[in-house]
Amino acid sequence: MKNQLLSCFAFAALSVLVVSCGKSKSAGKTTASNGQLVGATYSAKINNNTRTGMVHIPQGTFHMGPSDEDMNYSYTARNRQMSISGFWMDVTEITNREYKQFVFDVRDSIAATLLGYIDPKTNNLDKKKMAGIWKEKNVYEKLGAMMMAPDDRIFGRMEIDPDKLIYMEEYVDYKAAAYRKPNEPRSKFIIKTPVKIYPDTLVWVRDFSYSYNEPMSVRYFSHPAFQNYPVVGVTWKQASAFCTWRSRLLNSFNDTKGYATESNYRLPTEAEWEYAARGGRSQSMFPWGNYYLRNRKGCLMANFKPGRGNYPEDGGFYTVRADAYWPNDFGLYNMAGNVAEWTSSLYYEGGYNFAHDMNPDIRYNAKDSDPPRMKRKVVRGGSWQSVGYYLQTSTRNYEYQDTAKSYIGFRCVIDLAPGVGMKKR
């Protein structure tokens, strides 16, 4: 009888052990096969450090369009209620220092290819071999294909030719792919475009006739004193290429650590930019509110062209640091003034009339052969050389996608999965 009782206890314990092995310890994990729908296990982890240098813009609804009289009587915008899903946005415009990381990475990739310093396993540059390569004495002789031609050198000094720094941008055209026909290959929707990525430093001279700005051309992108100033002289294409490179940088790291692949960095749409610039002030003229360009102490609120051209009155003759002045209520710096910013949207005068009221986005990937009208991209925010009207959150402007200016920069946004990067409450 005693042995039978012990056997019963042993069988019961074994049964409990088997059942407990079949139960999920936490939500989302696969259980043992028990004939029930339990879901598959996600092997990838979440990288919560993807929002470095960015701020969360919560989902919401706002009135997009003029908050004051249309001074130009252009009627290119009408006041409409729009709803925007949440996203993350760079706190500041992309700085010279940040863009220089892009330039150096492209430079190193090209150099590694010429020198044969490519890891055959990963097809990436061999970091061990590339470490300290630029401090070697004869490295420029080995990289003759990247150097300025002898006739283009000053005092015979060997320098890298900026036109040789080309980044091959690759992305999927999801708009076109959404209407794909049966059995159409994926390759038909993959866009590959070579982009010269070095900023055009001569914009400081070209943009202003009969004006002495050569020192800015020489120093602005290269001198460390300007490292935290917004990058300028970049076209819309270069800004898009930067976003593609930044996405690869993030997701290459995620792959090595077993993290889930995140969506790509990109330029904000026109609606997203205006929503973020308003900072929750739906009907305000400026990111800081109504109605004036000065605060109650008489201090100017942004870097622009005050009065009839008193450029230094606001503290900056040209651009200022990307984190200058007070941020708006979302924590974003210089959403008005300093440099205007590229958006991803096509500039179309009547676009507000037919755009959807949920995440409106008018986009067109213009080809080089397209007429200039189709290459216009929306530019927002005004700049250091703009009058106050262009600092209004609703003011629309445009520039051609293949044109660089000394007063246009950009910042990136990214669509992260819900809860990623958010602080736990």
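The values are calculated or read from the model by the stated rules, or taken from the named source; none is laboratory data. Everything numeric here is computed off the predicted structure, so don't read it as measured data. Cβ coordinates were reconstructed from backbone atoms using ideal geometry, including for glycine residues, and neighbour counts include every protein chain displayed.
Residue under question is N228, and the condition is that it be among the polar types (S, T, N, Q), assigned to a loop (DSSP other than H, G, I, E, B), touching a residue at least 12 places away in the same chain (Cβ under 8 Å) and surrounded by 17 or more Cβ atoms within 10 Å (Cβ to Cβ); does it hold? So N228 does not fit the description; no. Just checking, does segment 175-186 include any residue being at negative phi, surrounded by 15 or more Cβ atoms within 10 Å (Cβ to Cβ) and under 26 Å from the mean Cα position of the chain (by Cα)? No. The listed residues are L346, L332, and the only one of them that is under 21 Å from S282 (Cβ atoms), among the aliphatic types (A, V, I, L, M) and either out of contact with any strand residue (DSSP E or B) (no Cβ under 7 Å at 6 or more places or on another chain) or crowded, with 20+ Cβ neighbours inside 10 Å (or both) turns out to be L332. Residue-level check: of (1) in contact with a His (Cβ under 9 Å, 6 or more places away or on another chain); (2) over 14 Å from M89 (Cβ atoms), F330 misses just (2). Among the residues of this structure, G279 does not count as one that is in contact with a Lys or Arg (Cβ under 8 Å, 6 or more places away or on another chain) and not aromatic (F, W, Y). Taking segment 188-205 as the range and being in a loop (DSSP other than H, G, I, E, B) and in contact (Cβ under 8 Å) with a residue 40 or more places away in the chain as the test, the residues that pass are I197, Y198, P199, D200.
Okay, residues lined up against (1) modelled with pLDDT of 90 or more; (2) surrounded by fewer than 16 Cβ atoms within 10 Å (Cβ to Cβ); (3) more than 19 Å from the chain's Cα centre (by Cα):
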{"residue": "D357", "(1), (2), (3)": "no, yes, yes"}
{"residue": "A366", "(1), (2), (3)": "no, no, yes"}
{"residue": "P371", "(1), (2), (3)": "yes, yes, yes"}
{"residue": "V378", "(1), (2), (3)": "yes, no, no"}
{"residue": "G381", "(1), (2), (3)": "yes, no, no"}
{"residue": "N397", "(1), (2), (3)": "yes, no, yes"}
{"residue": "A404", "(1), (2), (3)": "yes, no, no"}
{"residue": "F410", "(1), (2), (3)": "yes, no, no"}
{"residue": "M422", "(1), (2), (3)": "no, yes, yes"}
